[in-house]
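Pasting a structure below so you can have a look.
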Amino acid sequence: MKSTLALTAAAALLATTALAEDTRQLDAHEHGTGALDIAIDGTTVAMELRVPGADIVGFEHAAESDEDRAAIAEALTTLSTPTDLFGLSDAAGCTVEAATADLETEGAEDHDHDHGDHTEEHGHDDHGHDDHGHEDHAEEAEGATHSEFHAEYTHDCTAPEELGTITFAYFDLFEGAQELEVQVVTGDGAQAFEVTRDAPTLDLGGLF
Ligand SMILES: [Zn+2]
């Protein structure tokens with residue numbers, strides 16, 4: 001019974017949120033592509049990582065089995081260890097001050113928003129020919145579930161200008177990850193980079 005209710009709620013949420021363009025949707029993410037923001041301010045190098053669940057554990061549905069739960073727990077542990085993911089040059093003298101990771105799942109809770117009771121008006125009176133097609137809705141709702149891993153790291157670096165080239169063992173650890181869209185923000189402004197599985201390095205040499 002619970003699953004029926006959940007699917008109904010998810011379908012209602014899907015129908016409603018499709019109209020709410022100003023709401024950030026996890027389904028806007030592209031599987032295989034994550035985002036990494038790096039902010040360098042004085043000796044502080046902060047990183048924020050957002051990656052589709054598909055890239056990290058290979059699924060985005062809510063954990064249903066012990067295997068799912070174990071995969072998520074292992075991923076969160078790995079994501080909480082930035083030194084395993086990103087290789088910062090020794091010359092920069094960085095130490096990890098803080099590291100957190102969590103998983104955000106779309107539609108897992110918060111179904112109690114006041115969306116009102118919108119009833120769809122299709123505007124045609126003759127439903128006589130519409131004998132099939134309604135059973136697809138449950139599948140669509142389930143297929144629309146998305147999740148993202150989110151991690152934040154704070155480094156203190158004695159010489160950030162020596163960061164040079166950052167290497168990404170990240171791609172070795174997560175088979176589904178293909179690309180990271182990187183934005184680096186310094187006192188001089190922001191610069192965008194792409195780091196891919198085929199070219200897993202980020203050259204910051206031009207920034208300093
Ligand atoms: Zn997704």
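The values are calculated or read from the model by the stated rules, or taken from the named source; none is laboratory data. Everything numeric here is computed off the predicted structure, so don't read it as measured data. Cβ atoms come from the backbone with ideal geometry, glycine included; neighbour counts cover every protein chain shown. For the accessible areas, the whole protein counts, side chains as well, though only heavy atoms, and no ligand, DNA or RNA atoms are used. Shrake-Rupley method; radii C 1.70, N 1.55, O 1.52, S 1.80 Å.
Provide, in order from the shortest bin, the percent of all Cα-Cα pairs of the range 149-208 in each 10 Å bin, continuing until the bin that contains the maximum pair distance.
18, 51, 28, 2
Follow-up. Residue separation times 0.36 nm, minus the C-alpha to C-alpha distance between Ala73 and Leu207: what's the value? Don't jump to the answer; show the numbers that get you there.
Numbers: separation 134, 0.36 × 134 = 48.24 nm, distance 3.61 nm.
Between Ala73 and Leu207, full extension yields 44.6 nm more.
For Ala39 and Thr167, what does the FRET efficiency come to when R0 = 25 Å and r is the distance between their Cβ atoms, rounded to the nearest 0.05? Kindly include the intermediate steps, with their values, before the conclusion.
Working: r = 20 Å, r/R0 = 0.78.
Here the calculated transfer efficiency is 0.80.
Pull out the extension gain between Ser89 and His31, defined as 0.36 nm times the separation in residues minus the alpha carbon to alpha carbon distance; nm, one decimal. All intermediate terms of the calculation are to be shown ahead of the outcome.
On the way: separation 58, 0.36 × 58 = 20.88 nm, distance 2.95 nm.
Length difference between fully extended and current span is 17.9 nm.
Which stretch or stretches of the range 76-105 have amide N atoms under 20 Å from the point lying 7 Å from Asp66's Cα along the Cα→Cβ direction?
Within reach of a label on Asp66: 76-77.
Can you sort Leu103, Leu163 by 1.4 Å-probe accessible area, starting with the largest? Each step should come with its number before you reach the end.
Values: Leu103 55, Leu163 0 Å².
Solvent-accessible surface, decreasing: Leu103, Leu163.
Accessible area, 1.4 Å probe, largest first: how do Cys157, Cys94 sort?
Values: Cys157 0, Cys94 40 Å².
Result, largest first: Cys94, Cys157.
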